[in-house]
1. Using only the C-alpha atoms of the range 203-345, find the volume of their convex hull and express it per residue in Å³.
2. Restricting everything to alpha-carbon atoms, can you work out Rg to Rh for the range 225-274 with a Kirkwood hydrodynamic radius?
3. Please give the Cα centre distance for the range 369-395 versus the range 253-279, rounded to the nearest Å.
4. What is the Cα centroid distance between the range 129-205 and the range 293-362, reported in whole angstrom?
5. If you project the alpha carbons of the range 146-275 onto the principal axes, what extent comes out on each, in Å, largest first?
6. In terms of modelled amide H atoms, which long-range or inter-chain residues lie less than 5 Å from the amide H of A209?
7. For S56, what accessible area in Å² do you get when you roll a 1.4 Å probe over the heavy atoms of the protein chains, rounding to the nearest 10?
8. Average the reciprocal distances over every distinct pair of alpha-carbons in the range 281-354, invert the result, and give the Kirkwood radius in Å.
Amino acid sequence: MMKIEKFTFGVGDRFAHQAKAQLRAFQMAAEKGIDITPVWNKSNREHLIVGSEPSSVKSAAEAAVKEAGWNKPWHVDADHINLDTVDRFITPSDFYTLDVAHFIGRPAPAADIEAFVSRHPELIGAVAIPGIEKPITTTREYVTEVASKYLAAAIAAGKIYKHIAAKKGAGNFITEVSIDETDSPQTPPELLIILAAIADEKVPIQTVAPKFTGRFNKGVDYVGDTAQFAMEFSDDLAVIAYAIEKYHLPETLKLSVHSGSDKFSIYAAIRDAIRKTGAGLHLKTAGTTWLEELIGLAEAGPEGLALAKEVYAEAFAHKEALCDPYAAVIDIDYAKLPLPAEVNGWSAKQYTDALRHVQSNPNFNPNVRQLLHVGYKVAAQMGGRYLKMLKRSEESISRNVCENLFDRHIKPLFLD
Ligand SMILES: [Zn+2]
């Protein structure tokens, strides 16, 4: 079976120009003794918005790997796919994020639920999990209730997995199951029951993306109770280690943190937990790189700055339409967005101060950052004009892309 490496970073490259700068950050990490495997991910939603084909992600990564002399593993993730969308990802991907969140709450057949509960008497009563202080105490009713909520999702994951395995050959790809894009977070006991159900479906799951407590808004910091997150994350790690043994899941199974970029206030908790337990981690950081493209453009000279301002003006004009598909993962206060006329008067420093994710900077504006995060469609519509400027601004963009990944993400998660 293709095994996932211990530490992996999902990286996004919406316009297929930043893979080399991203690799540079991983090379710098390797020089410091931390091996992180890049996984280029682009969801079906992003492909539809940009108008790109999944094969383009692999070609861009392949070219960058060659140019950078990267001789370690790397992967291409078919991110958030389902049975309807997976087929064009079969050839170019070797990593699949099976998104079964929309099956949560859909009832599975009553007989299936009953069979599941009867098959798993070990889930009922006091379940002692090493690493969790108090045993989890459950009742048959509780397990039935959780199974009613999640069994259909586990069965769906089994179907998508088998579909990919039939086309690609089992063992030739890495399987992630995501249940993060839903309304309520999963508790550690729920995660245990979900993993038991996924094991029953014979899905060789190597990463699982639950929804954690708190808000994981795109491109900005975590919003929520950081102490509660720390406890939940650590309990989830314990549940995973236990489920690997109990249900014979792949020993590489680890947590995946979606919308994981820029969550600076929980990185210390994640770092401490993985250090303490020796657990692995998959952290998705896709959109943060596109924002560094805008920062790099703004720093590249008057023409780049003008284009970066134009992206803002267009995004502002179409904010409702751009924000709509991302409603669950952004929180923008429209009243705190500067008018395009004001932004048009900004210097490069004013633009990058508002956008760059440095919270200690009083001019940082998380509303501007989130709007631009979902505003990549504007750049996609500029087509060749945008790509030409990307190439001309390569030096300042790649410097920012690399610095963001290394200084603000890799360092606090692995090196501090
Ligand atoms: Zn996700």
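The values are calculated or read from the model by the stated rules, or taken from the named source; none is laboratory data. None of these values were measured; they are calculated from a predicted model. Here the Cβ positions follow ideal geometry from the backbone for every residue, glycine too, while neighbour counts run over all protein chains shown. For accessibility, only protein heavy atoms count, side chains too; no ligands or nucleic acids. Shrake-Rupley method; radii C 1.70, N 1.55, O 1.52, S 1.80 Å.
1. Cα convex hull per residue, to the nearest whole number: 140 Å³.
2. Rg/Rh for the range 225-274 comes to 1.02.
3. Their Cα centres are 30 Å away from one another.
4. 39 Å
5. 42, 31, 28
6. V177, S178, I179, S256
7. About 40 Å², rounded to the nearest 10.
8. 13.5 Å
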